[in-house]
Amino acid sequence: MIRFDKVLTSVLASLLLNIAILTAPVAVAQRAVNAVSNVPDGLRQAKDLDVVDPGKEINITVHLKLQNQEAFDKVVDALYDPASPTFHHWLTDADIQKYAPSKEQAKAVRQELENHGLTILSTDKNGFSIRAHGTAGNVASAFNTHIHQFQRDGKVFRAHVENARLSGSAGDYVAAVAGIESHAAHPLLSRAVNFNTHLPPPPVPLSKVQSSGGLSAYITDQILSAPTTFNFTTAGASATGGVCTPTPGAPYPIGVYFGNVYGANPALVPDYTPSQLQALYGLRAAYNQGLDGTGQTIVLLEGFGYPTIEADANAFFSLTGLPLLTPSNFSVVYPEGEPVSPSAGVLTGWDIEIALDVQWAHSIAPGAKIVVVAAAGQDNEDFENAISYITDNHLGNSVNNSWEEDTDLISGPLEEQSYDRVLQIAAARGISFQFSSGDGGDGGLGSPIGAPGVPSNSPHATAVGGTSIVNKINASGYEPLGWGTSFVELNDSGLVDPPSPSFWGGGGGGESVYFPKPFWQSALPGTGRQVPDVSALADPFTGVPIVVTVDGVQYLEAGWGGTSLASPIFTAIWAIANQKAGHPLGQAAPAIAGLRPGELVDVLPLTSPTSVSGTIFTTNGSTYYSQTNLFAGLLYDATGFTSAVVDFGGGLDQAISFGLDSSLTISPGWDNVTGYGTPYGLAFINAVAK
């Protein structure tokens with residue numbers, strides 16, 4: 001059985017390829033599309049695969065310059081300023097159309113496109129953009145450039161290699177273009193893995209789960225267990241609870257480690273149920289007041305769709321005691337028609353993403369309607385078109401996007417500005433689009449500003465970062481940490497001397513090199529838009545299960561996470577906040593930035609007093625390894641994190657970290673792993689519902 005599982009064991013090697021980015025010049029101020037060059041800076045970090053086939057058919061969306069972009073920007077900003085008389089007075093179509101380009105300008109752009117062999121597909125309802133279809137050769141000719149294919153870190157994308165400008169005077173009317181530069185949107189899924197077998201937790205037929213007592217027979221919320229002692233020798237023998245000094249005559253070297261234990265029961269996957277996560281986010285009190293998303297619609301923007309979305313979700317909800325989906329509270333919309341192949345979503349991994357989004361958005365806000373909007377493809381132009389479709393038809397006020405395309409060190413002005421144009425209109429209409437912040441930590445690997453993903457870096461989007469949630473040892477309750485997973489190999493059928501650390505994955509974030517800070521981030525460091533804004537559970541090693549159909553059989557799959565989980569969790573909580581307010585709250589990020597202490601849980605660096613440490617004894621003496629020593633080389637500016645020993649079986653033992661996210665750092669207040677913090681119950685809901 002072949003599964004699409006995102007195994008990140010090679011993340012460190014992949015991220016090392018980013019080091020060259022650090023030498024590339026960056027400009028924080030937003031780059032103009034019709035400047036001397038709008039060629040993406042990141043092309044110098046990619047391999048040129050030569051010119052795209054001129055006959056390749058593509059769609060483009062041409063965004064026109066507004067009558068007064070500066071005035072429109074100020075009007076939209078005022079909607080999010082509590083001191084403004086227009087605070088939350090969302091714009092109507094008539095309001096927005098006041099800023100539309102003239103009919104003559106739009107006509108000139110359409111005519112120029114048609115002169116180059118492009119077919120006009122549509123014009124958006126506000127007259128801000130024109131969508132057209134043609135060949136790559138048509139587009140290259142129209143925009144006086146050449147379009148090449150590139151490869152970087154295993155991803156293939158296309159981009160123009162000379163400044164792209166529409167021919168003739170019509171070029172003066174163009175603000176941005178989607179589709180010339182094209183990056184595929186990919187789900188930000190992450191899965192816990194056994195590093196001995198290199199496999200995720202085995203899938204369990206749903207029928208077996210149902211007959212064996214339900215989820216409790218397969219998962220546990222006891223992430224960490226009491227500390228114990230581990231002895232490792234050169235022969236690979238290990239024992240727990242042993243003495244802390246080597247036995248006389250024992251073979252050398254020998255390692256004696258002491259610390260917390262992760263996943264002490266190998267028969268159970270450390271995961272949370274919907275009921276447990278509802279409690280961890282303080283939502284029971286909200287539910288008791290009738291605040292469960294009733295009257296709201298959560299929109300999930302996905303790729304392709306897959307045939308058993310509703311059946312899989314209802315199997316999960318039957319298992320967990322949640323209300324079922326019906327035609328009255330669930331639908332799937334295809335803005336461009338259903339994909340040619342019904343299995344497209346399964347083949348590309350979007351089935352797992354959709355299952356995760358539907359099952360966990362509904363788990364958090366069980367009273368809300370769910371609408372899945374399935375794009376026909378997975379490049380930026382497809383998804384931008386879907387964003388416009390959601391906004392134009394006002395399908396809902398809280399929209400989840402568990403995907404990204406690339407970092408803004410790689411993406412160029414045409415793509416980034418195109419995304420921001422459609423998201424700004426959504427923000428003007430009072431719609432909040434949430435985006436996952438990424439699963440690879442700092443995409444710039446140690447750069448001073450990080451490398452946020454696109455489009456989570458848009459100032460008109462809300463970026464959702466990641467946390468881990470672990471139980472307190474020898475105390476009741478749980479605590480969040482910033483999601484950052486690293487491993488230190490302690491024993492591999494024999495003592496590892498010295499211990500070997502490596503970064504595995506963590507929430508993305510950093511400072512945009514394209515967008516300046518929006519006004520509501522004025523108190524934050526730097527000059528570029530900072531990511532993320534908020535955070536929720538993402539660590540797959542403290543993850544969740546889903547139900548998904550594989551080859552006609554429904555399975556329970558445990559150990560799922562990634563910021564693909566964090567985003568629907570927060571999107572559902574934001575829908576509940578909209579219900580409480582009784583009106584659309586609009587983009588979440590500005591409201592979050594304005595919260596006071598106590599209205600959001602600040603995720604702090606936490607160090608367990610029983611984190612992993614140990615001593616390696618040799619014939620020449622002994623070497624002590626504190627937690628800091630064990631994870632040396634991965635610490636950057638980290639001031640605190642927690643670790644535990646995990647026994648993967650087969651003689652493989654490693655230390656796992658919680659709260660150590662590459663060069664990104666968890667700190668009091670806003671930080672580039674968890675944003676301003678994580679929401680909790682009525683304190684958060686009441687604070688933002690204004």
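The values are calculated or read from the model by the stated rules, or taken from the named source; none is laboratory data. Given the structure is predicted, the values throughout are model-derived calculations rather than measurements. Every residue, glycine among them, receives a Cβ derived from its backbone with ideal geometry; neighbour counts consider all protein chains shown. Protein only, heavy atoms only, side chains kept; ligands, DNA and RNA dropped before computing areas. Shrake-Rupley method; radii C 1.70, N 1.55, O 1.52, S 1.80 Å.
On inspection, TYR306 fails the criterion of being open to solvent by less than 60 Å² (accessible area, probe 1.4 Å) and within 25 Å of SER468 (Cα to Cα).
Candidates LEU409, LEU356: the one that is crowded, with 21+ Cβ neighbours inside 10 Å and modelled with pLDDT under 95 is LEU409. For segment 244-258, state whether one or more residues are open to solvent by 60 Å² or more (accessible area, probe 1.4 Å), assigned to a strand (DSSP E or B), at pLDDT 95 or above and farther than 30 Å from GLY345 by Cα. Checking segment 244-258: at least one residue is open to solvent by 60 Å² or more (accessible area, probe 1.4 Å), assigned to a strand (DSSP E or B), at pLDDT 95 or above and farther than 30 Å from GLY345 by Cα.
Among the residues of segment 278-301, how many are open to solvent by less than 30 Å² (accessible area, probe 1.4 Å) and not polar (S, T, N, Q)? Counting residues in segment 278-301 that are open to solvent by less than 30 Å² (accessible area, probe 1.4 Å) and not polar (S, T, N, Q) gives 10.
Scanning segment 284-307 for residues that are assigned to a loop (DSSP other than H, G, I, E, B), touching an Asp or Glu at 6+ places or on another chain (Cβ under 8 Å) and of a type outside the set (Phe, Trp, Tyr) yields one hit, GLY305. Evaluation of THR61 against the conditions (1) part of a loop (DSSP other than H, G, I, E, B); (2) under 31 Å from the mean Cα position of the chain (by Cα); (3) crowded, with 20+ Cβ neighbours inside 10 Å shows that the sole unmet condition is (1). The residues of segment 157-181 that are surrounded by fewer than 19 Cβ atoms within 10 Å (Cβ to Cβ), within 25 Å of ILE410 (Cα to Cα) and acidic (Asp, Glu) amount to a single one, GLU162. Return the residue satisfying two criteria in turn: it lies in segment 609-623 and is within 30 Å of GLY282 (Cβ to Cβ) and at pLDDT 95 or above, and of such residues it is surrounded by the fewest Cβ atoms within 10 Å (Cβ to Cβ). Checked segment 609-623; the qualifying residue surrounded by the fewest Cβ atoms within 10 Å (Cβ to Cβ) is THR610. When segment 600-624 is limited to residues that are in a strand (DSSP E or B) and touching a residue at least 24 places away in the same chain (Cβ under 8 Å), the one that is farthest from ASP497 (Cα to Cα) turns out to be VAL601. For segment 157-174, a residue qualifies if it is more than 23 Å from GLN378 (Cα to Cα) and assigned to a strand (DSSP E or B), and exactly one does: VAL174.
The residues in segment 136-161 that are touching a residue at least 60 places away in the same chain (Cβ under 8 Å), of a type outside the set (Gly, Ala, Ser) and within 28 Å of GLU104 (Cβ to Cβ) can be counted, and the count is 2.
In segment 653-665, is there at least one residue being closer than 27 Å to LYS580 by Cβ and either open to solvent by less than 10 Å² (accessible area, probe 1.4 Å) or not aliphatic (A, V, I, L, M) (or both)? No, because not a single residue in segment 653-665 is closer than 27 Å to LYS580 by Cβ and either open to solvent by less than 10 Å² (accessible area, probe 1.4 Å) or not aliphatic (A, V, I, L, M) (or both).
Okay, residues lined up against (1) within 21 Å of the chain's Cα centre (by Cα); (2) assigned to a strand (DSSP E or B); (3) farther than 16 Å from GLY507 by Cα:
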| position | (1), (2), (3) |
| --- | --- |
| VAL544 | yes, yes, yes |
| GLN554 | no, yes, yes |
| TRP560 | yes, yes, no |
| TRP574 | yes, no, yes |
| ASN578 | no, no, yes |
| PRO584 | no, no, yes |
| PRO590 | yes, no, yes |
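Here GLU338 passes the criteria (1) surrounded by fewer than 22 Cβ atoms within 10 Å (Cβ to Cβ); (2) in contact with a strand residue (DSSP E or B) (Cβ under 9 Å, 6 or more places away or on another chain); (3) of a type in the set (Asp, Glu); (4) under 21 Å from SER418 (Cα atoms) except the one numbered (4). Taking the listed residues THR542, THR485, THR549, THR527, the one that is of a type outside the set (Lys, Arg), open to solvent by 20 Å² or more (accessible area, probe 1.4 Å) and at pLDDT 95 or above is THR549, with no other qualifying.
Scanning segment 72-81 for residues that are farther than 27 Å from LEU113 by Cβ, open to solvent by less than 30 Å² (accessible area, probe 1.4 Å) and assigned to a helix (DSSP H, G or I) yields VAL76, ALA78. Tallying residues that are over 23 Å from PRO609 (Cα atoms) and either hydrophobic (A, V, I, L, M, F, W, C) or outside any strand (DSSP E or B) (or both) within segment 649-663 yields 4. State whether the residues of segment 366-376 include one that is more than 30 Å from ASN126 (Cα to Cα) and of a type outside the set (Asp, Glu). Among the residues of segment 366-376, at least one is more than 30 Å from ASN126 (Cα to Cα) and of a type outside the set (Asp, Glu), which makes the answer yes.
Results for (1) modelled with pLDDT under 95; (2) open to solvent by less than 50 Å² (accessible area, probe 1.4 Å); (3) in contact with a Lys or Arg (Cβ under 7 Å, 6 or more places away or on another chain), shown as yes or no for each residue.
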residue	(1), (2), (3)
ALA46	yes, yes, yes
LYS65	no, no, no
PHE87	no, no, no
TRP90	no, yes, yes
VAL109	no, yes, no
